[in-house]
Amino acid sequence: GGALVIHDGEDRRLLMRAREIPATLGGLADFNIANSLAAIAIAHAHGVRASTIRGAMASFSSSFQQSPGRLNVFDGHGFRVIMDYAHNPASMTALCELVAKLRPDHDRVIGMISIPGDRRDEDIRTMGEIAAGGFDDLVFRETPDGRGRTPGEIIALLEEGALAAGFPPERIHRRRRERDAVEFCLQAARAGDLVVLTPTEVEATWPMVTGFRAGRAQRSEAERSFAPSAAS
């Protein structure tokens, strides 16, 4: 039932429910439940009182101010935006598991995905394969962390992985520059959608999210690029 319990010898003490920790998004983000358990165990081992631990956990959110680039959520545009620095297959798997839980509350899920260029080719393909199982539309980008790869190489490998997983090619979009990819996702989003951004430059991306204003010409171009969703 999402109960976080401290076990110490024969003592068993209910601390709180996972949903009471804002950073878990109502108990849906398993990876932040795991992070919370680690923090609680460390605090308890150092003799911190349960009431103090409980208060600290209940006040911790995944806001940009408290944890930039880690599950930051913005709901100010009629669609939800999640920004998270998920740049390896393990973190993308965890993020896609969360997206699957959030999907019933959203019409379409758009993901901006990349991975640093110094990863192995197979890791980059795997990243695309995992993302293919989590999103309705994929926007692949590669700068500013190409790390020696030739232009277009990272996107090509990500696309290979997604296509190998059976992802529709018409739902794959390519924008080399991170800023262009972010803008493209935001312009394409409609009310009720979920946009997931995995940027490198989180400090530059968050103001783009919060300060976004839809441009009619840009939105029309982006929407034409996106195939109608199954929910449309």
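What shape does the range 26-155 take by its C-alpha gyration tensor, where a ≥ b ≥ c are the square roots of the eigenvalues and a/c under 1.5 counts as rounded, a/b above b/c as prolate, and the rest as oblate? Intermediate results must be reported in sequence, preceding the final value.
Numbers: a/c = 2.35, a/b = 1.65, b/c = 1.42.
Taking the square roots of the gyration eigenvalues as a ≥ b ≥ c, the range 26-155 is prolate.
With a ≥ b ≥ c the root eigenvalues of the C-alpha gyration tensor of the range 128-180, is it rounded (a/c under 1.5), prolate (a/b larger than b/c) or oblate?
Working: a/c = 2.30, a/b = 1.66, b/c = 1.38.
Verdict is prolate for the range 128-180.
Sorted by packing (mean other beta-carbon atoms within 10 Å per residue), highest first, where do 75-83, 12-20, 40-48 land? It would help to have the intermediate numbers written out before the result.
On the way: 75-83: 18.1, 12-20: 14.7, 40-48: 12.9.
Top to bottom by mean Cβ count within 10 Å: 75-83, 12-20, 40-48.
List the residues whose amide H sits under 5 Å from the amide H of Val196, counting only those 5 or more places along or on another chain, with H placed 1.01 Å from N in the peptide plane.
HN-HN under 5 Å from Val196: Ile82, Ile110, Gly111, Met112.
Find the Cα radius of gyration of the range 151-195, compare it with 2.2 N^0.38 Å by division, and give the number to two decimals.
Details: Rg = 12.0 Å, N = 45, 2.2 N^0.38 = 9.3 Å.
With N residues counted in the range 151-195, Rg over 2.2 N^0.38 Å equals 1.29.
What list of ³J(HN,Hα) couplings, whole Hz, do you get for the range 130-138 from phi and the Karplus terms 6.51, -1.76, 1.60, once you set θ to phi - 60° and write x for glycine and proline?
These are the phi-based 3J(HN,Hα) values: 5, 4, 4, x, x, 10, 8, 9, 10 Hz.
Rounded to the nearest 500, what is the chain's calculated 222 nm mean residue ellipticity when only DSSP H runs of at least 4 contribute -39500 (n - 2.57) each, over all residues? All intermediate terms of the calculation are to be shown ahead of the outcome.
Values: 8 runs with 94 residues, N = 232.
Computed mean residue ellipticity for the chain: -12500 deg cm²/dmol.
Place the peptides 157-169, 96-108 in order of packing, highest mean first, counting for every residue the other Cβ atoms within 10 Å and averaging per peptide. Let's see the in-between values first.
Numbers: 157-169: 17.9, 96-108: 15.8.
Packing order, densest peptide first, comes out as 157-169, 96-108.
Out of (1) 28.8; (2) 19.5; (3) 14.1, which label holds the value of mean projected area of the Cα convex hull in nm² that was computed here?
The value computed from this structure is option (3).
In whole Hz, what ³J(HN,Hα) sequence does the range 164-181 give by Karplus (6.51, -1.76, 1.60; θ = phi - 60°), x for Gly and Pro?
These are the phi-based 3J(HN,Hα) values: 4, 7, x, 6, x, x, 6, 9, 9, 10, 10, 9, 4, 7, 4, 4, 5, 5 Hz.
Quick check on the chain: of the DSSP beta bridges with both residues there, what percent are antiparallel, nearest 5%?
Numbers: 9 of 24 bridges.
Given both bridge residues lie in the chain, the antiparallel proportion sits at roughly 40 percent.
Report, by chain and number, residues whose modeled amide H sits under 5 Å from the one on Leu15, excluding near sequence neighbours (fewer than 5 apart, same chain).
Sorted by chain and number, the residues that satisfy this are Leu4, Val5, Ile6.
What does the charge dipole of the range 1-82 about its Cα centre add up to, to the nearest 20 debye, if the Cβ of each Lys and Arg holds +1 and the Cβ of each Asp and Glu holds -1?
On the way: 8 positive and 6 negative charges, 28 e Å.
My answer is approximately 140 debye.
Can you give the angle from 0 to 90° between the axis of helix 50-59 and the longest principal axis of the chain, with both taken from C-alpha atoms, to the nearest 10?
20
Just to check I understand the Karplus step: with θ = phi - 60° and J = 6.51 cos²θ - 1.76 cosθ + 1.60, what whole-Hz values come out for the range 25-34, glycine and proline as x?
The phi angles translate into 6, x, x, 8, 8, 4, 5, 7, 5, 4 Hz.
The numbers here are math on the coordinates, done by the rules we state, and not lab data. As the structure is a prediction and not an experimental result, all values here were calculated from the model. Cβ: placed from backbone, ideal geometry, glycine included. Neighbour counts: every protein chain shown.
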